[in-house]
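Some notes on the structure that comes next.
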Amino acid sequence: MATQKSRQHKPGKPGPTTKPAKSGAAIPIEVDASTQPPLGMPAERFLRDYWQKRPLLIRNAFPGFESPIQPEDLAGLACEEGTLSRIVAHDREKDAWMLRHGPFEEALFPDMPHHDWTLLVQDVDKWDSDVAALLDAFDFLPRWRLDDIMVSFAAPGGSVGAHVDQYDVFLLQALGHRRWQIDASDQPSLEFRNDVELKLLREFHPTHEWLLRPGDMLYLPPGVPHHGVAEDACLTFSVGMRAPSAAELLGDFVDTLAADADEGLRYRDPDLAPAKDPAQIDDDAMRRAIEALNALRMNDPERLGDWFGRFITLYRNAGEVMAAPEGAAEDAQSRIQVEWDLQHGATLVRHPYSRMAWRKAARGARLYVNGEGHDLPVRDAKYVANAKGIDSAGYTALSEAGRDRVHELLRTGHYSLVHEGEEEE
């Protein structure tokens, strides 16, 4: 469970809407964000000129940044059950790569070499509230697009090799120094090596190279080859986006349609005429096949939207929200008790693995919580999806349906009741 800490990271505020760049105007690949963190420009301009278009090095994205966690904290987290962690090591003489998956034994780390290895831990934002607070700086993006904050510790020379990601990523230097190289050419080489377990590029031809220090951040759109090597012992925070492939979207949607399909919906041909060629699949047959598929309402915006809301709020990691065991104090809390506690300073704190989003629907709104959809008034759905915690005022402002839903989410583990002066464990 995440720990609650007092320090808060303030997000940068988007500036006014910017005008399109003049034709032929050079778009910089490096900016200083000292006076306008975290992007060094209005969010609108970043989204227009860089988002999924070109990389950007942002010096001083977080001026005076101090890492909320230390390497020993990350090592301890990598030993916990339920974390997704890896160690990547490189033998330079043989150009051989080793990959190990956690959780790891604590005794492993004191015996690790002093160079050429990296520890990577996914979803650190779910375990540490100060790391999670960094996500507020990225509120110019839909929250449901943000996947997680992966934190990597690298010993001097540590690297995961030259590779390419198929999603947007912000690489924030948190501790120490890392040298990044990228290939920003129009047609980079994207063939992978076949002699290593990792997906490493066979060839890498960098066009840009930078040394990042704490507070600097590198944004990379999908498909840009990059290679980071630690100059000294360092921590790097990777804020990654969720970008499901078209095949993943199609597969899940079709599975959902098939699971919900009425067995009575079938291929029909009441207008069948005598076959001219009994072996031919003619145009009329294909028309009937399309009609059978259309009966599944694949193009229904309401059905499509409901499926996507459930799909995109499902986590792909090992974390899971679970209800309290039957008979536990949390399970036994009556609604009257909860409301009394809220009135006396308690707060309903959302579980770090509880992923929420909302959308307008035919009748009000739908709130999506970890793959489940719930009908609510628009005001309630918007508030619950955005609120990290619900206090007495927020709870009271909800409709009766909203309060019913929140209490049910508490019962199923999506919230914990934290009393004033307590810390969430």
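Here, each number is a calculation from the coordinates, and none is a lab measurement. In this text the structure is predicted, and so the values were computed from the model without any measurement. So basically every Cβ, Gly included, is an ideal-geometry build from the backbone, and we count neighbours across all protein chains shown.
Of all the options Arg355, Arg242, Arg193, the one that moves most in a Gaussian network model of the chain with Cα springs shorter than 10 angstrom is Arg193. Taking 16 Å as the cut-off, the amide N atoms of segment 161-187 that come nearer than this to a point 7 Å along the Cα-to-beta-carbon line of Glu66 belong to 174-176.
For the chain, a crude dipole built from +1 on the beta carbon of Lys and Arg and -1 on the beta carbon of Asp and Glu, taken about the Cα centre, is about 1760 debye to the nearest 20.
Note on segment 221-310: the alpha carbon radius of gyration divided by the globular reference 2.2 N^0.38 Å gives 1.92. Applying 1/(1 + (r/R0)^6) with r as the Cβ-Cβ distance of Arg297 and Glu80 and R0 = 45 angstrom yields a FRET efficiency of 0.55. Taking 1.567 mPa s as the viscosity and 4 °C as the temperature, the Stokes-Einstein diffusion coefficient of the chain based on its alpha-carbon Kirkwood radius rounds to 53 µm²/s.
If you wrap segment 329-418 in the convex hull of its Cα atoms and look at it from every side, the mean projected area works out to 5.3 nm². Label point of Glu105 set 7 angstrom out along Cα-Cβ; within segment 147-161, no amide nitrogen lies under 14 Å from it. Between Glu372 and Ala258, the contour length at 0.36 nm per residue exceeds the Cα-Cα span by 39.2 nm.
Computed extension length for Ser185-Ser392: 69.1 nm, one decimal, from 0.36 nm per residue of separation with the Cα-Cα distance subtracted. Between Arg193 and Ala233, the modelled labels are 2.7 nm apart [label points 7 Å from Cα along Cα→Cβ].
For the pairs Lys360/Lys388; Lys199/Lys382; Lys126/Lys382; Lys94/Lys126, note any where the Cα-Cα span goes beyond 31 Å.
Lys199/Lys382; Lys94/Lys126
Modelled this way, with points 7 Å down the Cα-to-C-beta line, the labels at His419 and Lys382 are 3.6 nm from one another. Annotation note: GluC sites (Glu not before Pro) in segment 239-323 located in DSSP loop regions with a Cβ neighbour count of at most 10 within 10 Å are Glu263. The charge dipole of segment 246-300, taken about its Cα centre with unit charges on the Cβ atoms of Lys, Arg (+1), Asp and Glu (-1) only, comes to about 200 debye.
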